[in-house]
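The values are calculated or read from the model by the stated rules, or taken from the named source; none is laboratory data. Quick caveat: nothing in here was measured; it's all calculated off a predicted structure. Glycine also receives a Cβ, built like all others from the backbone with ideal geometry; neighbour counts cover every protein chain displayed.
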């Protein structure tokens with residue numbers, strides 16, 4: 001790969017710890033600064049409709065303090081769209097969202113929700129906000145994603161991360177590789193993420209065409225024991241050694 005693979009850090013679970021006591025610490029904005037000092041390429045946060053971790057104030061503050069770029073994950077609810085248009089992050093990543101889920105369980109169904117997605121892509125691009133669609137490694141969804149006007153997709157790697165057998169892992173990696181190649185062939189740029197950790201990330205790094213990996217849970221979990229800067233640098237090292 002000619003370009004160095006980028007690393008986006010999702011800081012949602014810093015806010016998860018804070019919200020457990022509805023306190024002021026740990027502060028996601030401070031966490032973002034530490035991640036950037038450790039060499040990450042972007043900061044990711046998900047403003048969910050139920051506000052289980054990241055709060056509105058966090059998003060506005062992150063827009064002010066992030067020095068790399070802010071990638072706001074979001075569902076297409078009118079309330080969240082309004083906030084995103086006001087904040088104007090560098091990028092929004094459109095994701096599906098269900099209230100009862102522990103974390104995002106799959107990719108956005110672009111085909112089923114095509115008109116709504118297309119209309120909102122227009123709203124964001126008009127404001128100069130880059131748009132990515134979080135979708136399964138499925139050619140039909142990727143083709144529909146291209147037609148919405150979005151410039152990026154983020155391939156959902158959760159099924160790969162959950163795979164148990166070597167055969168399952170190989171099959172999921174092939175799907176991701178095929179999806180990345182197809183997206184590139186129709187002039188979409190490609191990111192990937194979900195469920196990636198220090199052990200399963202190397203294989204994803206070796207797939208050509210992916211620009212950035214978005215990783216959160218495993219890094220925040222490692223940081224409990226090693227410190228956040230060390231956890232980020234360790235993931236950077238894993239990625240550098242894998243390509």
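Is there a residue being free of Cβ contacts under 8 Å to residues at least 40 places away in the same chain, crowded, with 17+ Cβ neighbours inside 10 Å and out of contact with any strand residue (DSSP E or B) (no Cβ under 6 Å at 6 or more places or on another chain) anywhere in segment 182-197? Yes; the residues of segment 182-197 include at least one that is free of Cβ contacts under 8 Å to residues at least 40 places away in the same chain, crowded, with 17+ Cβ neighbours inside 10 Å and out of contact with any strand residue (DSSP E or B) (no Cβ under 6 Å at 6 or more places or on another chain). Among the residues of segment 18-58, those that are in contact (Cβ under 8 Å) with a residue 40 or more places away in the chain, more than 14 Å from the chain's Cα centre (by Cα), under 20 Å from residue 83 (Cβ atoms) and buried (at least 21 other Cβ atoms within 10 Å of the Cβ) comprise 53, 54, 58. Being over 15 Å from the mean Cα position of the chain (by Cα) and not in a loop (DSSP other than H, G, I, E, B) is the filter here; which residues of segment 178-197 pass it? 178, 179, 180, 181, 182, 183, 184, 185, listed by residue number. Taking the criterion of being farther than 25 Å from residue 175 by Cα and assigned to a helix (DSSP H, G or I), the residues of segment 119-142 that qualify are 119, 120, 121, 122, 123, 124, 125, 126.
Pairs meeting the criteria (first residue in segment 2-17 and free of Cβ contacts under 8 Å to residues at least 60 places away in the same chain, second residue part of a helix (DSSP H, G or I), beta carbons under 6 Å, at least 6 apart or on different chains) are 15/28.
Given the structure, is residue 81 part of a loop (DSSP other than H, G, I, E, B), in contact with a strand residue (DSSP E or B) (Cβ under 9 Å, 6 or more places away or on another chain), closer than 15 Å to residue 133 by Cα and at pLDDT 95 or above? Give the derivation first.
On the way: part of a loop (DSSP other than H, G, I, E, B): no; in contact with a strand residue (DSSP E or B) (Cβ under 9 Å, 6 or more places away or on another chain): yes; closer than 15 Å to residue 133 by Cα: yes; at pLDDT 95 or above: yes.
Judged against the criteria, residue 81 is not a match.
Among the residues of segment 150-171, the one identified as farther than 17 Å from residue 109 by Cα and buried (at least 20 other Cβ atoms within 10 Å of the Cβ) is 160. Scanning segment 145-177 for residues that are touching a helix residue (DSSP H, G or I) at 6+ places or on another chain (Cβ under 6 Å) and either part of a strand (DSSP E or B) or closer than 17 Å to residue 112 by Cβ (or both) yields a count of 4. Screening the candidates 133, 61, 34 for the property of being modelled with pLDDT of 95 or more, touching a helix residue (DSSP H, G or I) at 6+ places or on another chain (Cβ under 6 Å) and under 19 Å from residue 188 (Cβ atoms) yields one hit, 133.
Collect the residues in segment 198-220 that are part of a helix (DSSP H, G or I) and without any contact (Cβ under 8 Å) to a residue 60 or more places away in the chain, keeping them in residue-number order. Answer for segment 198-220, where residues must be part of a helix (DSSP H, G or I) and without any contact (Cβ under 8 Å) to a residue 60 or more places away in the chain: 201, 202, 203, 204, 218. Evaluate the following for residue 71: is it crowded, with 19+ Cβ neighbours inside 10 Å and either within 16 Å of the chain's Cα centre (by Cα) or over 21 Å from residue 40 (Cβ atoms) (or both)? So residue 71 fits the description; yes.
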